[in-house]
Amino acid sequence: MSELADGICIPCRGGVPPLEGEELESLYERLGNDWQLVDGHHLEKEFRFGNFAQALAFTNRVGQLAERVDHHPEIFLTWGRVRLKIWTHKIDGLTASDFFWAAKADRLEGGTGG
């Protein structure tokens with residue numbers, strides 16, 4: 001499990017540039033776990049489950065994480081699948097907190113908290 005999950009999500013107040021270059025690539029490499037870096041703008045991952053109830057339970061854990069750290073992803077739920085998309089809306093790009101959040105979501109997949 002990525003050590004990024006131990007990072008603290010700090011709400012962005014704006015006024016900072018989105019991550020790019022080496023810093024962005026380094027965090028992305030450390031994240032792993034099938035997350036996709038899309039156009040340097042957001043992170044996206046699809047989680048697969050055995051049925052709708054498991055996917056819904058994961059979605060609820062993701063929602064609780066989002067509320068707890070005040071950082072909210074786009075969530076797509078369907079039978080056996082949940083797709084998450086995360087970025088920092090205030091700067092229309094990625095911050096370190098987005099990577100921390102993504103790693104915390106990976107922990108939730110196994111039901112171990114975030």
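The values are calculated or read from the model by the stated rules, or taken from the named source; none is laboratory data. All values reported here derive from a predicted model rather than from experimental measurement. For neighbour counting, all protein chains shown are included, and Cβ atoms are generated from backbone atoms with ideal geometry for every residue, glycine included.
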Q. In this structure, does residue 44 turn out to be part of a strand (DSSP E or B) and either at pLDDT below 95 or surrounded by 13 or more Cβ atoms within 10 Å (Cβ to Cβ) (or both)?
A. yes
Q) Do you know which residues across segment 68-86 are in contact (Cβ under 8 Å) with a residue 12 or more places away in the chain and surrounded by fewer than 21 Cβ atoms within 10 Å (Cβ to Cβ)? A) 68, 69, 70, 74, 75, 77, 78, 79, 80, 81, 83, 85
Q: Run residue 65 past the list (1) within 17 Å of residue 10 (Cα to Cα); (2) touching a Pro at 6+ places or on another chain (Cβ under 7 Å); (3) surrounded by 15 or more Cβ atoms within 10 Å (Cβ to Cβ) and report the number of the one that doesn't hold.
A: (2)
Q.
Checking the structure you have, find out if any residue of segment 23-39 is more than 14 Å from the chain's Cα centre (by Cα) and surrounded by 15 or more Cβ atoms within 10 Å (Cβ to Cβ).
A. yes
